[in-house]
1. According to a simple spin-label model (label point 7 Å from Cα along Cα-to-Cβ), what is the distance in nm between residue 449 and residue 235?
2. State to the nearest 20 debye the size of the charge dipole of segment 417-503 about its Cα centre, where the only charges are +1 on K and R beta carbons and -1 on D and E beta carbons.
3. Quick one: helix 52-64 against the long Cα principal axis of the chain, what's the angle to the nearest 10°, folded into 0 to 90?
4. Return one number: the angle in degrees, 0 to 90 and rounded to the nearest 10, between the long axis of the Cα atoms of helix 115-130 and the longest principal axis of the Cα atoms of the chain.
5. Of 68, 410, how do they rank once you tally other Cβ atoms within 10 Å and put the fewest first?
6. Could you list the trypsin sites (Lys or Arg not before Pro) in segment 222-282 that lie in coil according to DSSP, counting only those with at most 14 other Cβ atoms within 10 Å of their Cβ?
7. Once you sort the root eigenvalues of the Cα gyration tensor of segment 408-452 as a ≥ b ≥ c, which label holds: rounded (a/c under 1.5), prolate (a/b larger than b/c) or oblate (the other case)?
8. Could you work out how far helix 25-37 tilts from the main Cα principal axis of the chain, as a 0 to 90 degree angle to the nearest 10?
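Taken together, the values in this text are just the output of simple stated rules run on the coordinates, not laboratory data. All figures in this text were calculated on a predicted structure; none of them were measured in a lab. Positions of Cβ are backbone-derived with ideal geometry, glycine not excepted, and every protein chain shown enters the neighbour counts.
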Amino acid sequence: MSEKLIIFDTTLRDGEQSPGASMTREEKVRIARALERLKVDIIEAGFPAASQGDFESVQAVAKAISDSTVCGLARALDKDIDCAGAALAGARNSRIHTFIATSPIHMQRKLNMSPEQVIEYAVRAVKRARQFTDNVEFSPEDAGRSEEDFLCRILEAVIDAGAGTLNIPDTVGYAMPEQFGLLIAKLRQRIPNSDKAIFSVHCHNDLGLAVANSLAAVSNGARQVECTINGLGERAGNAALEEVVMAVKTRKDFFSCHTEVDTREIVACSKLVSSITGFPVQPNKAIVGANAFAHESGIHQDGVLKSRETYEIMSAEEVGWSANRMVLGKHSGRNAFRTRMQELGAGFASEEELNAVFFRFKQLADKKHEIFDEDLQALLNEAGGESDDERVKLVALKVCSETGEIPCASVTLKVDADELTGAASGGGAVDASLKAIESLVNTGTSLTLYSVNNITSGTDAQGEVTVRLEKGGRIVNGLGSDTDIVIASAKAYINAVNKLLSGKDRTHPQVGEV
Ligand code: KIV
Ligand code: ZN
């Protein structure tokens, strides 16, 4: 009989450790809701002891989520465990994930601790975590480079102390699939009380093997995989959730387990994470890349038209590609709009909130006659990134761009109660517009990312712009969409500025207080 493979998503924790992938508390909650719709079993929401902002984010996710278990990461230190326990206090189902490094290089050079001390800390941490929840996970960090005998000793001790999940991380992405699979098999065989815990894996992608290593572990009895949407994560990233889940689903003849993920939510979740973090998905990325189901060669097209299975091992619909279906138009009413938005996962807190997004939909439908699911998703992304306490609003934007002339822009903003107008010239219309905005808001930030993606095809398609602003360790991403990419760029910049001014951004975990 097929056993359950637990899907532990760490997009909000390890994913956020990708350089630049900072998320506000509200953004984390939106992603957590999308993960819950995807039916992941566990959401690792953050590292509460890293900063006050991380603490509050985990707390907010814990409050917002009821179906998935919410997890907080903690080093094997009393203060981290207590902090995670406090942040998770409001969760319906919670887990504390505690870790300490076990490889010789980490114990000697990073921790300056003996192996005996490391075991002592691990056992103490698990026991302390059990005072907050029955659901405790332990990770021997850098297990991929740790000695097998030592792993057996420490894991046996933490199971006795009350850890129900043993997560084996390949922290630096060093393992090879066969070797890593064998490690899981040996640990399960050699640890006397191994049947009392679930084995999990957490693989990094430094050699491009994170998914392969995770699947090798599954073949050898691991029953939890830690992964992230789009493979986001520290350095080269973590195992991509969509690839692990679809491999297990598509090759159920090979794996003796299954997940309970609703795969039709994968693409929506991937797009949300990509737009919030500003990390685009490469077109040839498995499952969620724009070309993942596109057939270019004549032979392939002919085969697929005759029988889809000739060249496709999964269907695009199965993972949530909607094939650009035209869903609404200029004459669509509020009810049809509300219904489709709800199908896309939108929850409106009030009629006013619905009306505000409906108003924008009507404005868009005037400019663009066919409104696709992707356009609605962009409206949601934009509205979700805004808040009631926005201090800066775009009133008007005018740009001049002419061959042989220097582009210039004039912008009027409402900043608190004042209406201000500024002008600037630049290398292009976008550059001039952003400089004009900056001349009025004076954030002093550097623009570290600017990217434009077309939401659907056609010259009347909306462009979705992401900007990333950085100043003294604070990083914010801003998002804006419009059929005019200069206006989309201005909206994205203002969105980022509002996050900075509201103080809702969080210090990036890599420059946090830990
Ligand atoms: O990569 C790693 O080792 C981790 C641990 C905290 C599980 O992220
Ligand atoms: Zn990691």
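1. With each label placed 7 Å out from Cα toward Cβ, I get 2.0 nm.
2. 380 debye
3. Its long axis makes an angle of about 90 degrees.
4. 60 degrees
5. 410, 68
6. 235, 251, 252
7. oblate
8. 70 degrees
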